[in-house]
Amino acid sequence: MDSPLLDIVEPGATPTKEKCPVSPAVGIDLGTTNSLMAWVQGGKPRCLADVDEGSAMLPSVVSYAEGEVLVGQAARRRALEFPHQTISSVKRFMGRAPNEVPPEIRKLYRLAEGDSGVARFYLKDRDTSPVEVSAEILRALKSRAESTLGPITQAVITVPAYFDDAQRQATKDAGRLAGLEVLRLLNEPTAAALAYGLDKGSQGTFAVYDLGGGTFDISILKLIEGVFEVKAVGGDTQLGGDDFDLALAGPQMDAAQKSGPHAVQQLLQEARAVKEVLSDLPEARLQGRLVTRDELEAAITPLVEKTLGSVRRALKDAALKPQDVDGVILVGGSTRVPLVRRKVADLFGKEPLADIDPDQVVALGAAVQADLLTAENAREDVLLLDVLPLSLGLETYGGIVEKIIHRNTTVPNSAAQTFTTYADGQTALDVHVVQGERELVADCRSLARFVLRGIPPLPAGFARIDITFAVDQNALLSVTAREQLTGISQTVEIKPSHGLTDEEVERVLLSSFEHAESDLEARTLLSERVEAGRILQAAQKQLVANGDLLEPSERQAIESNIAALTLATKSDDAGTIHLAIEALDHSSSDFARRVMERGLQRAMGGHRASEFA
Amino acid sequence: MAITVTVQAAEQIKKKLAARAQTTAQSGLRIGVKGGGCSGLSYVIEFADAPRAHDRVIEVDGVKVYVDPKSAIYLDGTVFDFETKLLQSGFVFKNPKVKSACGCGESFTPAV
Ligand SMILES: Nc1ncnc2c1ncn2[C@@H]1O[C@H](COP(=O)(O)OP(=O)(O)O)[C@@H](O)[C@H]1O
Ligand SMILES: [Mg+2]
């Protein structure tokens, strides 16, 4: 392989190349409905414009066509025709078993339980997992951004604050599968606050109300002199604009279901459009039925009320009253619904803030965080404290949960508690780690189970076993049990029971090599095109400026190679373009030398360059 | 195999040497590789006013090119050339041992 063209330097002056020029770490809002990517440029976060058909938003829809994978609007358009090869709202399935997904969504797909209980989609010619589908979305964002930003390797990805361990792990796996180093998972409302906080230098207590397509999050944040503290989080992983669509379509749903999944998807897509129109207009038609804004409002009032219930709970967790909140930040497309704005304003007794585009604010905040994590002179004054969304605990005798780390505790964090044996001579302790707010193990989510063996046989209640829970900044958990006398210990990194196992991740990584190749091809093609553009421009410029140095036959050769290269750039084959570039380079190399000599002559006041040799 | 310095490269080296005040009869060019760069190694092209012990010396058209023995292993088979293109001109290592290079092309991983 050829090196780039180099120049001679003085002895010892060869620059040390520590790193290649790096492209920025990006922030990604991996939404249920739409995904966006942003990065910080010149100290300001901005969204990557024109990601998908002119919009900064990439619909989080993936469609598997013959031999290709479509993402975004193109995939959404295929959803109606090929419902069984198209996946929307994949975020609903992340780290979830099929029976944990709402039935209305679940029945749109043919599902199977995967190796570890996680849902898998059966498609026409393959089956795939939520992690792999999400990776397609990330990969699409990544490759579309790479044409502007160069290779992207690091990202901060946002997740709903309510995401549990399994869902967070699944999101991280998707990032890894897409070839991204996930610097951090950031709670979406926290990201929004970061975007606002840094832009405005605000102080005080803020509520972030995020109502997207599939999820609702409420966070209570305190901003003091550039330090953010999340005081409380709450929400609902199964409530969003999709549910508004379902509510609006309700009266027509039975009929659609009788006609099959195609009709259901069609009805839901039209319901969404009508709902969005009703944010601006008093009435519209849904498949011929006239619906009014009043009717929509009546249908979604219980859902909006449900979000307000979560808001009140979060305020209570933070020991605040609605009037203690200095500002309310609106995030997510569904906060454009007038009823939502009204209800939120009523509850807090003030108009909410929406000066940053509610669609972009999360991605912008994630970009700010990515920049903070990678900037050489990382700003120490912006410290971000996140909180744990759900309590983490252990099963104790009788199926009761003992909480070790309570929800809304700031992370990273660790906490330990000492346990003992309940039977004489007991030499093993069953450690069952659970997550949730309920008192009974049966009502919480089981995260992991392991057995600590080798406890010295002692009378009941004499052994001392310290159990430590440590939560890292991504809210991922490791649990260590240590017997005090012998020091024997055992640690588990929580392998969420609904995430992919390492082997599964490896397997999909391997199967994605096929992709890696086409990704590389796409990138090579792109860079050949850029190079071709540059050289064509240079050639044309020199023909005009120094064309007199050429014999007619030489000029003809160069011009025909220019024409050939122009044609080649329209081809999708990097090799063809490369050959045409080389041909033009070759035919113009004598010309280039003469142009250079003429330049030198002019610089030296008319002497021939060879006089100085 | 060996390292080849083309006549075009020699001609340019000669010009560049002539333009330097420090240049003496011993002066030449040092080419080689050194550690660093994201892909492991990167190229060196420096003026050299005297050879070092164990250097290999390549003479083309009266121009001396020095290569240290370790670099010579990595550069075996390489053609060291000078290219003038419409966009840019400069020296180039055409190294058959390089199988991959980083994004900026300046550092590389040799195939062993
Ligand atoms: N003008 C509007 N009026 C009502 N709902 C809207 C409007 N614009 C977008 N939405 C809804 O916002 C939701 C998508 O919000 P978004 O924040 O992108 O979702 P997510 O965070 O789940 O990806 C969809 O349900 C969409 O219908
Ligand atoms: Mg969102």
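Counting Lys +1, Arg +1, Asp -1, Glu -1, what net charge surrounds A:Gly349 among other residues with beta carbon under 15 Å of its beta carbon? Please list the in-between numbers first.
Details: positive: A:Arg312, A:Lys321, A:Arg341, A:Arg342, A:Lys343, A:Lys350; negative: A:Asp324, A:Asp326, A:Asp346, A:Glu351.
Neighbourhood net charge equals +2.
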Point to revise | Net length gained if the chain between A:Ala564 and A:Asp50 were fully extended (0.36 nm per residue, minus Cα distance) | key: 182.0 nm
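How crowded by other chains is B:41-48, given as the mean number of beta carbons from other chains within 10 Å of each beta carbon?
Values: counts 1, 6, 5, 6, 6, 7, 6, 2.
The shielding value for this peptide is 5.
Evaluated at 25 °C with a viscosity of 0.890 mPa s, what Stokes-Einstein diffusion coefficient in µm²/s does the stretch A:23-177 have when Rh comes from the Kirkwood expression over alpha-carbon pairs?
Values: Rh = 15.9 Å.
In µm²/s, the coefficient rounds to 155.
What net charge do the residues around B:Glu83 carry, taking every other residue with its C-beta under 14 Å from that of B:Glu83, with Lys and Arg at +1 and Asp and Glu at -1? Before the final figure, lay out each step's value.
Working: positive: A:Arg593, B:Lys85, B:Lys94; negative: A:Asp2, A:Asp7, A:Glu582, A:Asp585, A:Asp590, B:Glu11, B:Asp81.
Combined, the nearby Lys, Arg, Asp and Glu give -4.
If you add up the charges near A:Asp466, with Lys and Arg at +1 and Asp and Glu at -1, over every other residue whose beta carbon is less than 15 angstrom from its beta carbon, what do you get? Mind showing how you got there, number by number?
On the way: positive: A:Arg464, A:Arg482; negative: A:Glu402, A:Glu483.
After counting each charged neighbour, the total is 0.
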Study note, to complete from the structure: A correct fewest-to-most ranking of A:Arg106, A:Arg342 by other Cβ atoms within 10 Å would be A:Arg342, A:Arg106
Exercise for review: Quickly work out the A:Thr153-to-A:Arg449 label distance, labels modelled 7 Å from Cα along the C-beta direction, and quote it in nm with one decimal.
Suggested key: 4.2
Point to revise | Stokes-Einstein D in µm²/s, Kirkwood radius over Cα pairs - the stretch A:71-123 at 25 °C with 0.890 mPa s viscosity | key: 213
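Could you give the C-alpha radius of gyration of the stretch A:87-174 expressed as a fraction of 2.2 N^0.38 Å, taking N as the number of residues it contains?
On the way: Rg = 14.1 Å, N = 88, 2.2 N^0.38 = 12.1 Å.
The value comes to 1.17.
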Review point. When all C-alpha to C-alpha distances in the stretch A:261-323 are sorted into bins of 10 Å, what percent of pairs does each bin hold, rounded to whole numbers?
Key: 20, 34, 24, 17, 5
Exercise for review: Could you work out how far apart the two model spin labels at A:His84 and A:Arg464 are, taking each label as a point 7 Å from the Cα in the direction of the beta carbon, and quote it in nm?
Suggested key: 6.3
Check your understanding: Quick one: which of B:48-60, B:74-86, B:5-17 comes out on top by average Cβ neighbours within 10 Å, and what's the full order, highest first?
Key -> B:74-86, B:5-17, B:48-60
Check your understanding: Taking B:Lys34 as the anchor, which lysines have their alpha carbon closer than 29 Å to its alpha carbon, excluding any fewer than eight residues away along the same chain?
Key -> A:Lys17, A:Lys19, B:Lys14, B:Lys15, B:Lys16, B:Lys64, B:Lys70, B:Lys85, B:Lys94, B:Lys97, B:Lys99
Exercise for review: Determine Rg/Rh for the stretch A:148-278; Rg is computed over alpha-carbon atoms and Rh is the Kirkwood hydrodynamic estimate from the same atoms.
Suggested key: 1.08
Point to revise | Residues A:Tyr422, A:Tyr209, A:Tyr397, sorted so that the one with the fewest Cβ neighbours within 10 Å comes first | key: A:Tyr397, A:Tyr422, A:Tyr209
Practice item. Convert each backbone phi in the stretch A:102-110 into a coupling constant with the Karplus relation 6.51 cos²θ - 1.76 cosθ + 1.60 (shift: θ = phi - 60°), then list the ³J(HN,Hα) values in order as whole Hz, x for Gly and Pro. Key: x, x, 4, 7, 4, 6, 7, 10, 8
Point to revise | Amide H contacts under 5 Å for A:Ala56, placed H, 5+ residues apart | key: A:Asp50, A:Val51
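List A:Ile488, A:Ile577 from most exposed to least, where exposure is judged by having the fewest other Cβ atoms within 10 Å.
Working: A:Ile488 15, A:Ile577 23.
In order of increasing Cβ crowding within 10 Å: A:Ile488, A:Ile577.
Please list the three semi-axes, largest first and in whole Å, of the ellipsoid equivalent to the stretch A:36-94, using sqrt of 5 times the eigenvalues of its alpha carbon gyration tensor. Please list the in-between numbers first.
On the way: eigenvalues 148, 31, 15 Å².
Three semi-axes, in Å: 27, 12, 9.
Read-outs throughout are calculated quantities, based only on the coordinates presented, and are distinct from any laboratory measurement. These numbers come from a predicted model, not from an experiment. A quick note on method: Cβ atoms are made from the backbone with ideal geometry, for glycine too, and the neighbour counts reach across all protein chains shown.
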